[in-house]
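The values are calculated or read from the model by the stated rules, or taken from the named source; none is laboratory data. Every value quoted in this text rests on a predicted model; they were computed, and no experiment measured them. Neighbour counts are summed over all protein chains in view; Cβ atoms, including those assigned to glycine, are modelled from backbone coordinates with ideal geometry.
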Amino acid sequence: MSMDHNTMFTELHPRRRPGAPASQDTVRQLAVIRSLLRSISPTAAAEAPSAATVEPAGRHALFTLEAMAARKTWARALSSEARAMVISHLNRAEVLGPMRTFARAPPDAAIAGIAGDFPHAAPVLDWLKEHMALARCCPGQELSFPPVLLNGPAGTGKTALSMRLAAAIGTHHRTIDMSTLHASFSVVGLDAGYSTARPGLIWDALQNACMSPVILLDELDKSPRDAREDPAAFLYQLLEPSSAHRFEDAALGLAVDASKILWIATCNDMSRIDPPILSRFMAFDVPLPDAHQMPAVVRSIQRELLNTAPWANAFEGEIPDEVLNLFAGIAPRLVHQVLRGAYASAAQAGRRQLCAKDIRVPPKASRTRPIGFLHA
Amino acid sequence: MTTVISKQRTQDESSHSPFVQSIHTLSHRAGDLPPGWRPVLHGALVALRAIDCPARAHIRLTSPRIADLSLDVGSTAPDASIDGILRRVRVRTACTCERCGRSGTLRHMDRKIQVMCAECAAPRLLQHWIRTFMQQMTDTVESNAPVTYRYDQLPFQLRPMIPAHAWSMTGGTCKGAPDASVSLFEMLVYQRRFEAVGDALECMITAADLE
């Protein structure tokens, strides 16, 4: 509470006794001000209920001030180190305030650009377009969609697609590499009883003006599990909107609304995901691009390569069609390597444009047969 | 014809007593006064004209001046009737809006105190509080301390600019809830709205002052 600020207003503007009726002068001034605000901007006179309903951007409470006050009271009883950590995080959230915005539906052109670069992911992009159209039906264009699972063979561009989607949605995004996640406390926090206690990734992602961050769960099917601990167990709560509505970080214990998080997961084998978790996702297949789709994929990868490579100016931007046809059947991940090798070959030959002999597809690595008993 | 009449009027005025001449002078100087106070002065001049008599012919009225937040007109000699009329000017202007002539009260405007009615004061007070509040927010945001603005401690002129749901979602109801509050971060979201309304009021008030 800013005492200076409140004192300043109190001195200049004596406070009315609580419950006392407003003076005639106050009533007349307020009527004039509301009328003025309406004439200046239809949304400016926001106190009137009718105007409040036309507020352009919807804002929602991430937590309640009562819960915040209760957690601060609880934190004061903690040991000094934990107390400092908990109170500093709670203070930071309080400074940001409980009211946050939603992600807004991006323009169709943004999704159309992604669809051009990922023609083999048309079903998921069409489905997202439908949800964006639905979001545009509400005044704040608040975007929400069920958790999405992109399933497909390795190297088809699932992770790249999910990153592009997160960037198009326009909110901040975080990535959780499920293949290396051995414990969930880095995601949902470590209890304040431990000396190394700190809030997790979910709490950090929500400490922003927007309460709809995009969280990418990479390699969901490769989450290491054992009998004692399932690092992906936090998904049971967070992927279910009704329970995510009151998510509590283990370190801070403040109930926050995590139901607006936008989840995008990738996997290579859906059968290795727990059925209860799988049932929470809307799953889409992202296959290898076919021969017709491949040129668009190659061009998008080449564009990205030339945008980042320091030697890009030494080559012409366009790839001849006969060269593009040679990429058929190659996984998009491999296209990057092949293209880089092709440019190296062209540089060696002193050319500014790629030709067919520059394209050298590396042989597939042979997999050794596993040692052990063969299953029938 | 017009020339004849104006000449005749000039001759009449020159033949008038100093008292009547000072009444004429006062009526000519009324244009320099705040527009809301001119009818008060005109009414007083009509009353003074009505009590003109040879006994008061030597009395002169002084130029009007604004003193103690009211219009003060003096006279060169004491006279109960004239003093009464002039006192009434002082008393009435002290509670008459300078801008429109409606009933008004003393108000702390930006750096000065003026008599204004609610209708004329509201935009100016709103502009004043927007300026003060924006400056205060700018100073506070650097302190990085948790700040909340309580409903009952915020100038009531600013309250209509904050959406009802911002109050209601933070622990109270919008109207008459002293415990309702809005955080600094929430206020910063409405900063552009404050700026836009402040700019529009600036233009509106400047145009009104020029009229």
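Of note:
- Criterion violated by A:TRP203 - all others in (1) farther than 20 Å from A:ARG71 by Cβ; (2) part of a helix (DSSP H, G or I); (3) not aliphatic (A, V, I, L, M) satisfied: (1)
- Residue in segment A:317-362 that is surrounded by the most Cβ atoms within 10 Å (Cβ to Cβ), counting only those that are part of a helix (DSSP H, G or I) and of a type in the set (Val, Ile, Thr): A:VAL335
- Among the residues of segment B:180-211, the ones that are free of Cβ contacts under 8 Å to residues at least 40 places away in the same chain, more than 9 Å from every other protein chain (Cβ to nearest Cβ) and under 21 Å from B:ALA164 (Cβ atoms) come to 2 in all.
- Cross-chain or 6+ apart pairs with Cβ under 6 Å, segment A:167-192 first and in a strand (DSSP E or B), then of a type in the set (Val, Ile, Thr): A:HIS173/A:VAL214; A:ARG174/A:ILE215
- Among the residues listed as A:LEU37, A:LEU78, the single one being in a helix (DSSP H, G or I), at pLDDT 50 or above and either facing chain B (nearest Cβ under 7 Å) or over 28 Å from B:SER103 (Cα atoms) (or both): A:LEU37
Rundown of residues vs (1) assigned to a loop (DSSP other than H, G, I, E, B); (2) more than 24 Å from A:VAL86 (Cα to Cα); (3) under 20 Å from the mean Cα position of the chain (by Cα), yes/no style:
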| site | (1), (2), (3) |
| --- | --- |
| A:PHE234 | no, no, yes |
| A:GLY253 | yes, no, no |
| A:ALA258 | yes, no, yes |
| A:ALA265 | no, yes, yes |
| A:ILE277 | no, yes, yes |
| A:PHE284 | no, yes, yes |
| A:PRO289 | yes, yes, no |
| A:HIS292 | yes, yes, no |
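- Count of segment B:107-132 residues, restricted to those that are part of a helix (DSSP H, G or I), away from chain A (no Cβ under 12 Å) and buried (at least 22 other Cβ atoms within 10 Å of the Cβ), is 0.
- Unmet criterion (only one of (1) within 24 Å of A:ARG225 (Cβ to Cβ); (2) modelled with pLDDT of 85 or more) for A:HIS182: (2)
- No other residue among A:THR156, A:THR73 is part of a loop (DSSP other than H, G, I, E, B) and among the polar types (S, T, N, Q) apart from A:THR156.
- Taken over segment A:250-308, the criterion of being assigned by TED's automatic domain parsing to the domain that holds A:ALA166 and hydroxyl-bearing (Ser, Thr, Tyr) is satisfied by A:SER259, A:THR266, A:SER271, A:SER279.
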